[in-house]
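Just so it is clear, none of the values below were taken in a lab; they were calculated from the coordinates. What you see is a predicted model; the values in this text were computed from it and never measured. Here Cβ is always computed from backbone atoms with ideal geometry, including for glycine, and neighbour counts include all displayed protein chains.
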Amino acid sequence: MRTVRHLHLKKSLHLCYNNQDAIKLQNKPYGGSDMKKIIIVDSSPRKGGNCDVITDKLCESIHDAEVEVFRLRETTVNPCHGCNACKGKAKASCVQKDDFGALIPFIDSCDALVLVSPVYFGQLNGPAKTFIDRTYCFFDPSKPAGNNASARGKKGAIIMSCGAGPAEVYTKVAEGMVKCFGNFGVDDSRVFVGGGVNTPGSFKDHADYMKAVGDIAEWLSE
Ligand SMILES: Cc1cc2nc3c(=O)[nH]c(=O)nc-3n(C[C@H](O)[C@H](O)[C@H](O)COP(=O)(O)O)c2cc1C
């Protein structure tokens, strides 16, 4: 069994940030079941593109979990200000009042987070990098563990699609970036990069890529 909820935070901002609903969201970000909580962050600006194929495949293949889909193109996640106001706090928090703030309790209490991104100039794309920068609010050298994550043992993954390649080089990039997820409690990670997919949706023409994404979904569900 699984439930999939698409978080269109921009549309529901009035829900997230006005009193009762904000409190509800902060205190109980998920539906309250005992199932695993998995967040998928899709950073592609291209609707119906390859990252959407990957996200749909994950949603289809993850089981026994509550899945929250956060599409960065539908939200406002501003760059980190580097103000360090998040340091020395009891819980991870950010002074910026954008959609990332509403996502912090989800990230803190999830069991797994998957970031799905296209490769842009050899890296994650800008929105994906901005998303990772904002998780700096979990990094806190003043804490014994060096971070503010209220739970550890999470799983994390980065899945990327790229037009040309070399996919092996971008795999190394993904392996480096997924280490940053340690700040919010990720101790076990996987990455996958599918190369040669430029046409929107062409990722699904590669049975081996779809299987690799399905395998990550299975691992996340365990
Ligand atoms: C600005 C930009 C930069 C890109 N840079 C690369 C690159 O460095 N290497 C590569 O193989 N593909 C590159 N691509 C191609 C995309 O990674 C590829 O088309 C990907 O599948 C797009 O995912 P989407 O359909 O979800 O948008 C780039 C595309 C754009 C728009």
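Tabulated values for the structure
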| quantity | calculated |
| --- | --- |
| HN-Hα J in Hz across region 188-193 - Karplus 6.51, -1.76, 1.60, θ = phi - 60°, x for Gly and Pro | 9, 9, 9, 9, 8, 10 |
| Nearest 10 degrees, 0 to 90: helix 50-61 Cα axis against the chain principal axis | 80 degrees |
| Over 26 Å between alpha carbons, listed pairs Lys91/Lys179; Lys154/Lys204; Lys89/Lys179; Lys91/Lys154; Lys57/Lys154 | Lys154/Lys204 |
| log10 of Debye I(q)/I(0), alpha-carbon scatterers only, for the chain at 0.13 Å⁻¹ | -0.71 |
| Region 81-142, relative contact order in percent, only Cα pairs under 8 angstrom and at least six apart counted | 41 percent |
| Cα-centred dipole magnitude for the chain, charges only on beta-carbon of K, R (+1) and D, E (-1), debye, nearest 20 | 680 debye |
| Reachable aspartates and glutamates from Lys143, criterion Cα separation under 17 angstrom, eight or more residues apart if same chain | Asp108 |
| Sites Thr76 and Asn198, calculated FRET efficiency, Cβ-Cβ separation with R0 41 Å, nearest 0.05 | 0.90 |
| Calculated on alpha-carbon atoms, Rg and Dmax of region 40-106 in Å | 14.8, 41 |
| C-alpha long axis of helix 99-109 to longest principal axis of the chain, angle in ° | 90 degrees |
| Relative contact order (percent, whole number), the chain, Cα cutoff 8 Å, 6+ residue spacing | 24 percent |
| For the chain, built as a Gaussian network whose Cα springs stay under 10 Å, the top-fluctuating residue of Pro144, Pro166, Pro79 | Pro144 |
| Antiparallel DSSP beta bridges within the chain, as percent of all bridges there, nearest 5 | 10 percent |
| Fewest-first sequence of Met160, Met35 by Cβ atoms within 10 Å of each Cβ | Met35, Met160 |
